[in-house]
Amino acid sequence: MIYSSEVESMCPVAKGADHGPAPIPEEGRWVQAKQIGDISGLTHGVGWCAPQQGGCKLTLNVKEGVIEEALIETVGCSGMTHSAAMAAEILQGKTILEALNTDLVCDAINTAMRELFLQIAYGRTQTAFSEGGLPVGAGLEDLGKGLRSQIGTMYGTKAKGVRYLEMAEGYVTRLALGKDDTIIGYEFVNLGKAMQAIKKGTDANEAIRAATGSYGRFDEAAKYIDPREE
């Protein structure tokens, strides 16, 4: 290390205060984090790209500084899905400091990583006060049994009104309209359940029927419309 001549000529003064960093909550413990290996926790965060064409929800499960589990969900830009595939391979096994300084392919994913790093490093994870944290695999619980992101896709115009396209329950196939043409319910297909049934050998049409449900006063409709057709 190189010191300037001014520093070299100074007389030494002993350091008095040495109380260490403030403890942060981690998985039910209070930890004085001094190195990356001291950090653990599971948390979620969101990021966005510079033109704000798309967004990313990122879930990380960190144990002793290492990312043991990563869930990457993207919306908006078509290229982000491929970026997410690459980032999912990149993230697991890296320390959170490595991940923060790694190109995760997409700006939205990089931004989400930055936001998560702040949460994790400051002890603001969702498992801060959960003893032992959550096991690796907990990230999949957000997706449910169908292992699909919970997406809400709606479209509306002043001229023609609203169209529900996808809900948490699934892909919307029909809208139920009342006598005044307002939406009173909808029919949906849980695509995750349908695909699992088809993989097991169920006829596709039967699988779709079994995975179809409705919400609201669907059976009381004056008429039904397909939200994807005129």
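Taking region 136-154 as the search range and keeping residues that are without any contact (Cβ under 8 Å) to a residue 40 or more places away in the chain and not hydrophobic (A, V, I, L, M, F, W, C), which one is nearest to V62 (Cα to Cα)?
That would be E141.
Results for (1) assigned by TED's automatic domain parsing to the domain that holds V136; (2) charged (D, E, K, R); (3) over 15 Å from E115 (Cβ atoms), shown as yes or no for each residue.
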{"site": "E68", "(1), (2), (3)": "yes, yes, yes"}
{"site": "H82", "(1), (2), (3)": "yes, no, yes"}
{"site": "A85", "(1), (2), (3)": "yes, no, yes"}
{"site": "L91", "(1), (2), (3)": "yes, no, no"}
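Please verify whether R114 is in a helix (DSSP H, G or I), of a type in the set (K, R) and in contact (Cβ under 8 Å) with a residue 40 or more places away in the chain, treating the condition exactly as stated.
yes
Suppose we filter region 111-123 for residues that are in contact with a helix residue (DSSP H, G or I) (Cβ under 9 Å, 6 or more places away or on another chain) and either buried (at least 21 other Cβ atoms within 10 Å of the Cβ) or not basic (K, R) (or both); how many remain?
5
Considering only residues that are farther than 20 Å from S149 by Cβ and assigned to a strand (DSSP E or B), look in region 173-198 and name the one that is farthest from the chain's Cα centre (by Cα).
L177
Surrounded by fewer than 20 Cβ atoms within 10 Å (Cβ to Cβ) and farther than 15 Å from A70 by Cα, is that true of L100?
no
A quick yes/no check of all residues on (1) touching a Cys at 6+ places or on another chain (Cβ under 6 Å); (2) in a loop (DSSP other than H, G, I, E, B); (3) exposed (fewer than 14 other Cβ atoms within 10 Å of the Cβ):
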residue	(1), (2), (3)
T125	no, yes, no
G132	no, yes, yes
G139	no, no, no
G146	no, yes, no
I151	no, yes, yes
M154	no, no, yes
Y164	no, no, no
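The values are calculated or read from the model by the stated rules, or taken from the named source; none is laboratory data. For clarity, every value in this text was computed on a predicted model and none was experimentally measured. All Cβ positions, even for glycine, are placed from backbone atoms using ideal geometry, and neighbour counts span all protein chains on display.
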